[in-house]
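In what follows, a structure is listed as structure tokens, so that the remarks can point back to it.
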Amino acid sequence: MSKIKQTKEVATSKNHDVPSFSKHATLQERYAAGKTLRSFCARDAHDAWKVTRNRKEVISLIEASEKGRVESLIPLRHGRMSQSPFTFYRAGALLMAHDLAKTPNTAYKPQICGDCHLSNFGGFATPERQIIFSINDMDETLPAPWEWDVKRLATSFVIACRNNGLSENTAQDAAQLCVQSYRQHMAGFSTMKQMELWYYMIDSNTLIADLDDPDLRKRAIKRIEKARESQIADDVYPKLTAKEGEIIYIKDQLPTIFHWEGHEPGEINELVKFAFRGYRDSLSPSYQTLLDRFEMKDVAIKVVGVGSVGTLCWVLLLMATEHDPLFLQAKQAGPSVLEAYAGRSVFDNHGQRVVNGYRLLQPASDIFLGWTRGRQGRDFYFRQLRDMKIKILVETFGKSEMNVFADWCGQALALAHARGGDAALLSGYMGKGNAFDKAVARFAVAYADQNESDYEVFMRAIKQGKLKAEYEAPEA
């Protein structure tokens, strides 16, 4: 007897029966369930994009995304967003979530990233010090329509290609290649045994070995070697800290690193101590023991990224001995931008929501990953700062680099969704042909045009004084 049954779900504006099944259904049953979704949401329907009549104003959505942020930092956020349509897009997770909610979807909601663009992928070290490739930002993670991640990622490749002066054909091809990689790797993941899938990692050495271009391979190897050699004590520690007598503290580097007004370097506020105790409680006993070997020496605010600017983000300096530092990052976590469109999180603490996303979607997570709630009601999640992380410089990519990265990101997103959802169901829906790939690529081009239009509205608002923008001096 089939383990598949029928349940009611909602896809876009109308109800339809979505196949549901036992967790122990066969691969064939789950694949068949995915195929039935095509009758409710055709694969080529994903190319649809047009502005709806009730679309909210761009500026109002930007302002909505900034509620609860540190007001003095919002102009800096606008300054970073204004650099290009690409940086504007990186900060537009809420704006796109509002738009994606009006597009066709299958109503299948696994755990997704929620802010899936190519700059949120990169390399980092596992606890075993193996460098792997995966999504590295989960601030908006939530169970939601899986197509939203795929469309946001594909669109980011079109925008990044345009930002780098590449042709329109190159841009659309990169978007389609990304989706093709996602579909093909999802098919492979669907046939894996569950424990095999759970342990699977996209190893950097394997990715590099598969590169056809010897120059690309040489540059990638050099980046990996640099990351392995760059230890926290030798790299970050001297750049971020200073010492006066016996006091070691974090150096102010305005406007991106500074101590809270009224607090001296080395002074640990009671609110910080309270939140840190809650964070410690979220760790397993073994990692609590490790954390206890370090003493907190200083805390400062650190402005990070583009979309995150204005949220409270702290960098904490802890020391075991004088030459044995540990840097932690505590980042404010509010409701996901997807919640208004996909439903509220099951977690009361949004730091825990983010941590759950990391642990579910990444093959390996930071051993110091944890969460807390401060006395003032703000939620935070903690992780290490720059632990052998490799930032991908997509702004420098030409056609060949962009295509390689599109393949890597598609593979990494497929692995994340296979961990957070059902690979066979997704593979059954997408199938073996390229209908889904082409449709999403067409959407990506159309939405990249929309992003440029929204960027122009944003820039006019700055020029007219409706939004304030603060600009940083270029690095020497």
Theoretical ellipticity at 222 nm over the chain - DSSP helices of four or more residues, -39500 (n - 2.57) apiece, nearest 500: -13500 deg cm²/dmol
Amide proton proximity set for Ile390, modelled H, under 5 Å, gap of 5+: Gly123, Phe124
Members of Lys251/Lys399; Lys50/Lys193; Lys297/Lys391; Lys56/Lys438 lying beyond 31 Å, as alpha-carbon distances in this model show: Lys251/Lys399; Lys50/Lys193
Equivalent ellipsoid, the chain (semi-axes from 5 times Cα gyration tensor eigenvalues, Å): 36, 26, 23
Cα centre as origin, Lys/Arg/Asp/Glu Cβ charges: segment 66-172 dipole, Debye: 160 debye
Spin-label model distance (nm) - His263 vs Lys35, 7 Å beyond Cα toward Cβ: 5.9 nm
Residues whose placed amide H lies under 5 Å from that of Ile202, excluding near-sequence neighbours: Phe133
Residues with amide H under 5 Å from that of Phe368, placed H, sequence gap 5 or more: Gln384
Under 16 Å from the Cα of Lys273 - aspartates and glutamates, other chains or at least 8 residues apart: Glu264, Asp281, Asp292, Glu295, Asp298, Asp379
Listed residue pairs exceeding 18 Å between alpha carbons, taken from Lys239/Lys302; Lys102/Lys432; Lys302/Lys331: Lys102/Lys432
Ordering of 77-89, 210-222, 368-380 by packing [mean C-beta count within 10 Å, highest first]: 77-89, 368-380, 210-222
Area accessible to solvent at Val440, 1.4 Å probe radius, in Å²: 0 Å²
Computed magnitude of the charge dipole of segment 276-399 (debye, nearest 20; Cβ of K, R +1, Cβ of D, E -1): 300 debye
Within-11-Å neighbourhood charge of Phe121 [Cβ basis; K, R +1; D, E -1]: 0
Furthest towards positive pole of dipole, Gln288, Thr256, Ala461, structure part the chain, Cβ charges: Ala461
Dipole in debye (nearest 20) - the chain, about Cα centre, beta carbon charges: Lys, Arg +1; Asp, Glu -1: 1520 debye
Of Ala340, Leu385, Tyr429, farthest towards positive along the dipole that unit charges on Lys, Arg, Asp, Glu beta carbons give segment 323-476: Ala340
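The values are calculated or read from the model by the stated rules, or taken from the named source; none is laboratory data. Computed from a predicted model, the values in this text were never measured in an experiment. Glycine gets a Cβ as well: all are built from the backbone with ideal geometry, and neighbour counts include every protein chain shown. When the accessible area is computed, the model is the full protein with side chains, heavy atoms only, and any ligands, DNA or RNA have been set aside. Shrake-Rupley method; radii C 1.70, N 1.55, O 1.52, S 1.80 Å.
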